[in-house]
Ligand code: 2BA
């Protein structure tokens with residue numbers, strides 16, 4: 001059995017959950033925050049038998065789109081009049097479709 005940890009954009013999350021549920025997969029949805037953009041994203045946990053892994057990966061790939069977002073990146077520090085100040089400038093980053101980790105599951109129990 002595998003545990004799929006999929007980090008997706010909020011815009012794709014509902015459609016992805018709906019599609020996975022429709023295909024009979026169990027899903028847990030977590031509200032998460034990306035470390036770089038400091039913006040909300042969604043992490044899905046999906047436990048699947050090994051032979052179903054590719055079906056889930058195909059659904060994720062089909063539903064999740066990549067998008068461009070503007071992030072604020074720090075540039076130089078300046079030191080004037082005894083005061084340090086940092087400027088930032090906008091950079092464009094491409095986010096997604098999805099960041100997916102596949103973990104082997106040692107044990108799966110429902111108590
Ligand atoms: P964030 O950390 O907010 O990153 C959003 C996007 O910013 C990334 O998209 C990437 O295009 C860019 N980015 C991230 N770190 C960067 C850096 N140090 N310099 C320049 N650009 C950078 P994705 O790669 O599609 O990642 C989307 C989200 O997936 C991430 O949101 C984070 O929540 C998660 N993620 C990505 N890689 C991860 C990893 N190795 N471990 C854990 N979570 C990860």
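Quick notes
- Looking across the range 24-51, the residues that are part of a loop (DSSP other than H, G, I, E, B) and more than 12 Å from the ligand (Cβ to nearest atom) come down to 24, 25, 26, 27, 49.
Each row is one residue, and each column tells you yes or no for (1) more than 16 Å from the ligand (Cβ to nearest atom); (2) modelled with pLDDT of 95 or more.
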position	(1), (2)
53	yes, yes
70	no, no
73	no, no
83	yes, no
91	no, no
99	no, yes
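- Cross-chain or 6+ apart pairs with Cβ under 6 Å, the range 1-23 first and part of a helix (DSSP H, G or I), then loosely packed, with under 14 Cβ neighbours inside 10 Å: 10/40
The values are calculated or read from the model by the stated rules, or taken from the named source; none is laboratory data. Values in this document were obtained by computation on a predicted structure and should not be read as measured data. When we count neighbours, we look across all protein chains shown, and the Cβ atoms used for this are built from the backbone with ideal geometry, even at glycine.
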